[in-house]
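Single-structure report; data block below.
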Amino acid sequence: MATVLVLWLAVCLSGTLAVDKGNFKTCDQSAFCKRQRALKPGESPYRALLETMELTKTRLTLQLTNDNNKVRLLLELYRLQGNMTRVKINELKPLKPRYEVPDVLIREPPTEPLSLLSQDENGVVLSLGVESQRVIVSARPFRLDIMEGREVLMSLNSRGLLAFEHLRIVYIALNLCQCSLFACQKAKEEEEEKEEEGMWEETFKSHSDGKPNGPSAISLDFSWPGVEHVYGIPEHADTLRLKTTDNGDPYRLYNLDVFQYELYNPMALYGAVPVMLAHSAQRTTGIFWLNAAETWVDISSNTAGKTVFGKMLDYVQGSSEIPQTDVRWISESGIIDVFIMLGPTPKDIFSQYASLTGTQSFPPLAALAYHQCRWNYNDQEDVQTVDAGFDEHDIPYDFIWLDIEHTDGKRYFTWDQHKFATPKDMLQGLMDKKRKMVAIVDPHIKVDNGGDYEGWCWPGSAGYPDFTRADMRDWWASQFAYDQYEGSMENLYTWNDMNEPSVFNGPEVTMHKDAVHGEWEHRDVHNMYGFYVQMATAEGLIQRSGGVERPFVLTRAFFAGSQRYGAVWTGDNAAEWDHLKISIPMCLSLGLVGISFCGADVGGFFKTPSTELLVRWYQTGAYQPFFRAHAHLDTPRREPWLFGPENTALIREAVRQRYTLLPYWYQQFYNTHHTGEPVMRPLWVEYPQDPATFVWFDVHTFQKHNGAQNLYIPVTMSSIPVFQRGGSIIPRKLRVRRSSTCMEHDPYTLHVALNLQRAAVGELYIDDGHTFNYDKKEFIYRRLTFANNILSSVNLAPDAQFSTRSWIERIVILGASKPSKVTLKTPDGQESQVEFDFDASMSVLTLRKPGMNAGLDWTIALQ
Amino acid sequence: MRLHVFIVAVFCCGFVDSRKIRGISSSYKRFYKEKKSFLCIDGSKIIPFEQVNDDYCDCEDGSDEPGTSACPRGRFYCTNLGFRPHYIPSSRVNDGICDCCDASDEYNSHARCQNTCWNLGQQERAYVEGQMRTLDEGLQLKQQLIEEGVLLWREKQAQLRDLQQVAEDLQIKLEEHRRRKHEADRLKEQTLKALEAGDSDLKRQNGTVSSTFKLLDSNKDGSITVEEVQARVTLVHDEERILSEDEAVALLGGGHQMDLFKFQHMLWDILTRGDKVKIKDTHSAAGGLVGEDPHLQAADRAAEWEATNLKKVEEAYDTVNTEISDLQKLLTIDYGPDWEFLFLNSQCYKLKVYEYTYTLCPFNQVTQKSSAGTEVSLGKWGMWAGTPKDQYSQMVYENGEPCWQGGSRSTTVTLTCGTETALRSVKEPSKCQYIMDFQTPVACQPVLKQRGIHSEL
């Protein structure tokens, strides 16, 4: 989707396809960012008042004072279970409460005891409980250092950039001041502080932001000694490893509908997750900055800009400083509430962050299959024709999508009465083929009779419900009930677009910051709006089935915690090779901060892809978590069979590869649902140390490649270079059918890739694929192990109950030697010989039809 | 190897009725004679016969599993007694969806499939019969239209010939009129020359000077005033504007009036240079000059008369030529081998879809009119664009109204056989690309008749 208004402007003004940067603020155009960024390091006015320290078993509190204006802050420090530390800073006595983000944490994080190790007039040393971890609180200026042994893991305010703009009364003139004497006095004192432009009002492109609360920004710096690589803070169309921002704008986090976004820059996009990971070979740590207001993040590094040779020289000469990365967070309002995740491994970080904001929701299996979307499938006949086209060309798909044109005049929850006159017939037709549909439901309501906040969006004048209110979310959820949403059925799921929120005639195409949500301003809650929309929608889909069925909701805007409610995609990309390329770091970044269910529009949304690009995009998308083709209304049709038989075959093959791997995708999502580990991972997550000892097998040819070498893999249009690591076992279903649901009872093929120790492990997870019954222990979860020439399946969840009709039809062992005999043992004690085929040239052993049920214990011995 | 096994099959077990192999057609039964081993049909592998349809794929070509879903490249034969037999991909065997109307594909699934072949067969037969009737009727109508087309074609050819004859006649007439006009013009010139011939150069110049002076001196008082200059003299580059008083005074050499003598030495020079000012309406000035002589007046009238006559003939000639070129253009369009599509020219067909009314005027254009009333061109006649086998099955109309994101609207019209000529459907699968289904008897092809329905009864 895109914004009609901006689209129109862009066409009129430039005629070219590129983001109009002038529509979006730079740091200089955002008054608080400009103000905060102007502060110089090393001049911190903050001092810890150690005499105010209070230490209970779980919490340390301490007052900080700003020597310039005497305003006092309250610091709270908690040791959290799971090797985390929480630091909160608020005004000691704010004029009125400052916003603290609700609903994102899944619970109040459980604490662990803190203890005082030592104290003098310069500071305090606290024990963090484990592994000689300590926090040093320095008094003048205030700073925090988190140590492990003699090593500093992270420092806060070490550059003195802590800033906290206290709430104040607007000072107009003393004689007009109609306030109490005390307040007047206070106001007068404050007048002596520098009044800067943009503190009480700000204008951007004819949009005025009245700021009744005045300046309220917060800022804090963090330093990571020994760290050269930082990741996270999506969503940006940029490289996976974050760049330093010294020579440009900081990375911006402010959910925006950016029309035709540009690549490789720090501009804000549709979603924001204020989480950053710092990685070195020794340790991975992270910061979660819990704030939903507009946020900017500056990154600098003492090694950035140094050449490899320069670094080498440092090393040889033993000179110079240790590498260090400094970051600085600036938010427009709210409080400082930071979770410091101390790792030490990447997997520890994922579990720490998951313990705070929850894990990826476990999607219905079908949602991991292929999705066919277009703005728009015109009418029921069109849907039927496309559906039939997939069968005719023997290409599987699970979901067909309807964009905004399916509605009656952009009134969501309705259908165009001519084009979609009998939606239930259409849905039943899909259900008969075990397929599903997604219809768009945007979070704005066409104004037929006036409303609260009004703006322009697809329907024209539209009202924007206040999703921050629980009662509004309840109402929204109730609209998905089958008797409310006419024409809906259980195979109809939902897509939330435009939920940044996108307001065509608003500042930066979004809602005015001074719009109010109850007692709070939109300024305080902006980045959470989309999170709440998806939350309410997912809740609606759960409720309509009486809590039985898993929902599937795709969202464009997101925040920390959005992983709990469904999938995200990278928004309105373009049919360009660079956009195909950027889909990889964009989804990797999201995975690192908990949102595993990520994908990009296959083919590119804007513009028309060349056939080669389209084919390559299918081949890439087939190996990304959310796999959906989508196209703009103004582009020609691009269903997979429209590009000649050769290309149809290439696309068919890519989609089929996806389907054969669905058991593995499903197991990976089960894993992330429990651990928070991303499904799509950068190699450093998996192999923080030495990757050289691995072997890799080409999954198509079974060709073996040893690690620790650079390889050039020749490719043709039909190649998708995919490799299975030696040491892993991957379950597949090779009988690719019309839809994933048709494959439910099909047998498995196990691909066992042996490592240099001739061993391998893997898992197999099976359940009904669509209900929450897995919460009631209705599933099969098994560990598959190959060691000492024995492959075995053992139950990882003995207390769980589920039966499957699926059996093991084939086992392919890569890197094997030829056995003389293969024996299968089942729990009833029976032994039988298994036929096999050995390909000596590739060292591939294929066991023919061992035939045991996939849910049972078994062992297979090679002799 | 394959031959060898085939011989074995024929001689050893050839005519022993084997157990029924699921998922094969009778023509493939010969590959599945029960014996010890089975040779994959592509000859790639020999497997024990028990492994045929044992739900594990052994043959690369899928031939060992015709009745199960085990092979990715396999296919399953639906016998569909009472209807049309056909193959489905093996992946549709036991997937819980009824694909074969005889339910044979779902022999081991939870799907409860009914045998619907008889009903489908009935429907198919009824449909085919209907099609046949339509085709018969359509072909008859087509024959008529072909005959009409031939007549129409001849009529148009005759019309063209008539027009060309008219054009030729007009051409002759045109030359005659040109000659006459030339003659009249010459006469007029001669008269004018004769009129001026008697005077010396100086006198003629004086006469011209004095006649121009007289022309400017509207009230004939022997002196040109500011008002008279303003009334008769204008700027060369801005004829509409009336000269200001100052400008007029300047032309009068700084005074407010000017006699003939001063005129001859000052304003006359300026006027004859003609780069700044000139006398308004020089024609009437010339008329004024010749108007004095009755011979000249007659010659002038005669020249005008001939000019008018010539113009009329020229117009008629142009009109006929336009008609000829239009008709020639129309006749260069390919209307099919028997001119059977010719009758569509000059016709228009309408269809209302939701809020839009679509109009197809074959060989001319396609338009769309919204209920709000604005009409948009969806393309002008481009070409036939059917298959090489039947190029008359599709028309393309191009270069319609430009599109919002570049390019222009176009329409592809598919012609199908029907007893009436009518627009049946309009779709816009992609923005600005329309497809139409246009039914007409002339699209009926006799070959269709051969396609029937074969059922294994």
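The values are calculated or read from the model by the stated rules, or taken from the named source; none is laboratory data. Fair warning: this is a prediction, and the values are worked out from it, not measured in the lab. When we count neighbours, we look across all protein chains shown, and the Cβ atoms used for this are built from the backbone with ideal geometry, even at glycine. Note: accessible area is taken over every heavy atom of the protein model, side chains too, but ligands, DNA and RNA are not part of it. Shrake-Rupley method; radii C 1.70, N 1.55, O 1.52, S 1.80 Å.
Some observations on this one:
- Within segment A:570-627, tally of residues that are part of a loop (DSSP other than H, G, I, E, B) and among the acidic types (Asp, Glu): 2
- Meets criteria (within 13 Å of chain B (Cβ to nearest Cβ) and assigned to a helix (DSSP H, G or I)) for A:GLN417: no
- A:ASN789 meets all of the listed conditions (1) away from every other protein chain (no Cβ under 14 Å); (2) surrounded by 21 or more Cβ atoms within 10 Å (Cβ to Cβ) but one, namely (2).
- Condition check for A:VAL71: in the same structural domain as A:THR285 (by the TED database) and among the aliphatic types (A, V, I, L, M): yes
- For A:THR675: the one exception among (1) open to solvent by less than 10 Å² (accessible area, probe 1.4 Å); (2) away from chain B (no Cβ under 14 Å); (3) in contact with a Phe, Trp or Tyr (Cβ under 8 Å, 6 or more places away or on another chain): (1)
- Being at pLDDT below 95, out of contact with any Leu (no Cβ under 7 Å at 6 or more places or on another chain) and closer than 19 Å to A:THR345 by Cβ is a description that applies to A:GLN689.
- Hey, A:PRO731 in the same structural domain as A:ASP775 (by the TED database) and in contact with a strand residue (DSSP E or B) (Cβ under 9 Å, 6 or more places away or on another chain) or not: yes
- Residue satisfying all of: in segment A:630-656; open to solvent by less than 20 Å² (accessible area, probe 1.4 Å) and closer than 29 Å to A:PRO747 by Cβ; nearest to the other protein chains (Cβ to nearest Cβ) among these: A:VAL655
- Residue, surrounded by the fewest Cβ atoms within 10 Å (Cβ to Cβ), within segment B:321-365, restricted to residues that are of a type in the set (D, E, K, R) and within 14 Å of chain A (Cβ to nearest Cβ): B:GLU355
- Filter pass, A:VAL685 being closer than 27 Å to A:LEU845 by Cβ, surrounded by 19 or more Cβ atoms within 10 Å (Cβ to Cβ) and β-branched (Val, Ile, Thr): no
- Tally, over segment A:717-765, of residues that are assigned to a strand (DSSP E or B), farther than 30 Å from A:LEU613 by Cα and within 14 Å of another protein chain (Cβ to nearest Cβ): 2
- Per-region count, segment A:793-811, residues open to solvent by less than 10 Å² (accessible area, probe 1.4 Å), within 14 Å of chain B (Cβ to nearest Cβ) and in contact with a Leu (Cβ under 9 Å, 6 or more places away or on another chain): 3
- Residue within segment B:366-377 that is in contact with a Ser or Thr (Cβ under 9 Å, 6 or more places away or on another chain), open to solvent by 30 Å² or more (accessible area, probe 1.4 Å) and over 30 Å from A:GLY409 (Cα atoms) present: no
- Enumeration of residues in segment B:380-423 that are among the basic types (Lys, Arg) and either surrounded by fewer than 14 Cβ atoms within 10 Å (Cβ to Cβ) or within 13 Å of another protein chain (Cβ to nearest Cβ) (or both): B:LYS389, B:ARG409
- Remark: pairs (first residue in segment B:117-137, farther than 12 Å from B:PHE83 by Cα; second residue open to solvent by 90 Å² or more (accessible area, probe 1.4 Å); Cβ separation under 9 Å; 6+ apart in sequence or on different chains) = B:VAL128/B:ARG451; B:GLN131/B:ARG451; B:MET132/B:LYS449; B:LEU135/B:LYS449; B:ASP136/B:LYS449.
- Answer residue from segment A:387-421, given it is among the polar types (S, T, N, Q) and without any contact (Cβ under 8 Å) to a residue 60 or more places away in the chain and is most open to solvent (accessible area, probe 1.4 Å) among those: A:GLN417
- Check on B:LEU235, assigned by TED's automatic domain parsing to the domain that holds B:ASP269 and touching a Gly at 6+ places or on another chain (Cβ under 7 Å): no
- Criterion applied to A:PRO274, A:PRO266 was being crowded, with 21+ Cβ neighbours inside 10 Å, within 28 Å of A:PHE142 (Cβ to Cβ) and at pLDDT 95 or above, and the one residue passing it is A:PRO274.
- For segment A:353-386, residues that are open to solvent by less than 30 Å² (accessible area, probe 1.4 Å), at the interface with chain B (Cβ under 10 Å from one of its Cβ atoms) and in a helix (DSSP H, G or I) total 2.
- Those residues of segment A:228-245 which are charged (D, E, K, R) and at pLDDT 95 or above, in sequence order: A:GLU235, A:ASP238, A:ARG241, A:LYS243
- For segment B:75-106, the tally of residues that are more than 14 Å from chain A (Cβ to nearest Cβ), among the hydroxyl-bearing types (Ser, Thr, Tyr) and open to solvent by less than 10 Å² (accessible area, probe 1.4 Å) stands at 0.
- Checking A:THR26 against (1) at pLDDT below 95; (2) more than 19 Å from A:LEU162 (Cα to Cα), the condition it does not meet: (1)
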